[in-house]
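Worksheet for the structure shown next.
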Amino acid sequence: MKIKKLKNKIILYFIFVTIILSLSVSFFYYYTTSNIYQKNTLKTAINDLGYIKNNVEEHISMANKFTDWFYFNSNFNNILGEDNLASARAELKLYKQIKLYITNSSLENYISSLLVIGNNGKVFKFAGDGSMIDVKDVELETWFKNQSQNSNSVYWPGLIENPAQISSYKNIIPVIRPIFDTILYKRIGWLFIGFKKSLITDIYVNNSNSDFKKYYTIDHQHNILAADENKLFFNNKNLKLKLTEMSNQDKGHFILKNKGIETLYVYQKLAQNNWTIVEKLPMTILAEQNKVLKHTSLLIFFISLLLTSLFTIYLSYNLTEPLKKIIRQVNQISLGVFDQNKHIEGQDELGILGAKINSMSESIKILMKKIVEEEEKKRKFELKALQNQINPHFLYNTLNSIKWMAIVHGNDGIKRMIVALGRLLRNLSVDTNKEIKLKEELAILDDYIYIQEIRYNGKIKFEKEIKQAELLNAQILKFILQPLVENAIFHGIEAKEKADLVKVIISRDESNNKEKNRLEIKVFDNGVGMSEDIQSKILNNTAAKHKNSLNGIGLYNVNQRIKINYGAEYGLKINSKPGEFTEIIIRLPIKFL
């Protein structure tokens, strides 16, 4: 069903636009705010993980510094050396020193076992699990053999199974470091420390302020060294595929979906031992925020729709009421009542429209009066044209009879003149507004010139100059050359005793490169010439018609016919010098069939 009332259309259009705009604003608000939430969540997670990472690196640094005391200690020179020159008393003293060093260290509670093994077979065991470890079992492990490649540096093999035969800790994080003779600077033994996983997990517990966030430390072999939950970290297959990416990058983040729940993973690599700290954050919090955001966006949408609808109704009323008045006024004009209505005028656009309608009403009155006058003139012109057309037909038929009489009496001169005049009248009686070839127009002109040569007994010379032969096939309006030649004879040659030349020159217009497709025809005479005032009168149809004109078509009519048929840029131009010459130039478009 079509909506006919403008008021209803305006309301529906505005509501439609409002819905689109409100939806766009709501969507933009939701999308932008959701992205802000997500970015803030990621930023917070990265900052939290950075704090955790710093704490883990601090604990590892403490552990590394803890081993420095063993690495280059002169107390081990005689006891662990191959000569084994130390007494039992010296060994006991060293044992007490090590135990005291452990007791005074902040790492004491994190040490599960500590072994000091000399190349001479001397072994010192400390901490709860130290006495339960067989040194030979440790030396057979692959991770122990790899430590020899690290020269004098601290070696963190990663997570291993606790070598203690009886222990409360299934796995430990070991540290291995060689012990050197401080004088000879050669390796005389090695240090083994087994740290509990709490070395790292306590950091998670002490710094975690959320039940949702979970932290993991993964070694270079993708083993979990420490975690703050017992659930398996790698129960997501997609997560396993991310391990290589994580191990090859210093930091990053990604989101994985598992059982319909999206989870954010943020990771950073430790500088000391190539381990990776991972924060796991389920996106349920963000989902809750997005839920609230959706409700807020919908509320914004409905409030915008309501306010805009009320505004639209008010606006449509104030817009359509003036329009109704204007419509009533237009209806009056359509019924022929052109009285002005000042109530539809105003300062706004509709008021200006009303003023224009009143002005239009007055203009219509004047125009209707003018049309009546023009129609009357047109009727008179058509009647005159009909009369002019009847006379040539009558004359042509009469001349045709005279021609046959001349043939019967053998008078060829009279016959030829009558034939020429007959052709002229026949062409004049046919539609003069049609186009013919230039050579056909020149043939008509030849008949007219022949008659004038007889009349003036050869005193006037007629010349034609055609510069490009192909122009003879160009299409031009019929009967535009004869009036110009007739004007040259009657207004130029007759008024000057020694005048005797009429010349027609046909060429392309070369005055402008852009106008090479323009035909130029010049009609020149060496008669009396004319002033600029007379030129203006001729082209403006105010000059007097010659009484001997063949067809009553003046230069003004020729000029108007050309402009009406081809455009304002074409027509006649007059060049003249009083007492010397006149040159009339016709400019036409070049057209070929």
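Bear in mind these aren't lab numbers, they're just calculated from the coordinates by the rules spelled out. Owing to the predicted nature of the structure, the values given are computational and were not obtained by experimental measurement. Methodologically, a virtual Cβ is constructed for each residue, glycine included, from the backbone with ideal geometry; neighbour enumeration extends over all protein chains shown.
Give, in nm to one decimal, the length gained when the segment between Ser359 and Leu92 is fully stretched (0.36 nm per residue of separation minus the Cα-Cα distance). Mind showing how you got there, number by number?
On the way: separation 267, 0.36 × 267 = 96.12 nm, distance 12.36 nm.
Fully extending the segment from Ser359 to Leu92 adds 83.8 nm.
Distance between the 7 Å Cα→Cβ label points at Lys461 and Asn318: 8.6 nm. Once the chain from Glu161 to Leu299 is taken as fully extended at 0.36 nm per residue, the excess over their C-alpha distance is 43.8 nm. Measuring between alpha carbons in the structure, the pairs from Lys125/Lys213; Lys53/Lys93; Lys213/Lys259; Lys53/Lys125 lying more than 29 angstrom apart are Lys125/Lys213; Lys53/Lys93; Lys53/Lys125.
Rounded, prolate or oblate: which fits segment 433-475 when a ≥ b ≥ c are the square roots of the eigenvalues of the alpha-carbon gyration tensor, with rounded for a/c under 1.5 and prolate only if a/b beats b/c?
Verdict is oblate for segment 433-475.
With the cut-off at 1.5 for a/c, could you classify segment 459-592 from its C-alpha gyration tensor as rounded, prolate or oblate? Prolate. With 31 Å as the limit on Cα-Cα distance, the pairs of Lys496/Lys522; Lys269/Lys294; Lys365/Lys434 that go past it are Lys269/Lys294; Lys365/Lys434. Using r as the Cβ-Cβ distance of Asn109 and Thr142, and R0 as 30 Å, what FRET efficiency do you calculate, to the nearest 0.05? The calculated FRET efficiency here is 0.55. The distance linking segment 129-202 with segment 437-452 is 127 Å (Cα centroid to Cα centroid, whole angstrom). Note on Glu569/Asn473: beta-carbon distance plugged into 1/(1 + (r/R0)^6) with R0 of 35 Å gives a FRET efficiency of 0.95.
Here is the list for segment 47-138: chymotrypsin sites (Phe, Trp or Tyr not before Pro) lying in DSSP coil, each with at most 14 other C-beta atoms within 10 angstrom of its C-beta, are Phe72.
Among the listed pairs Lys356/Lys563; Lys370/Lys563; Lys503/Lys591, a Cα-Cα separation exceeding 31 Å is found for Lys356/Lys563.
Please find the FRET efficiency linking Val419 to Lys439, where r is the Cβ-Cβ separation and R0 is fixed at 25 Å, and quote it to the nearest 0.05. So the FRET efficiency works out to roughly 0.85.
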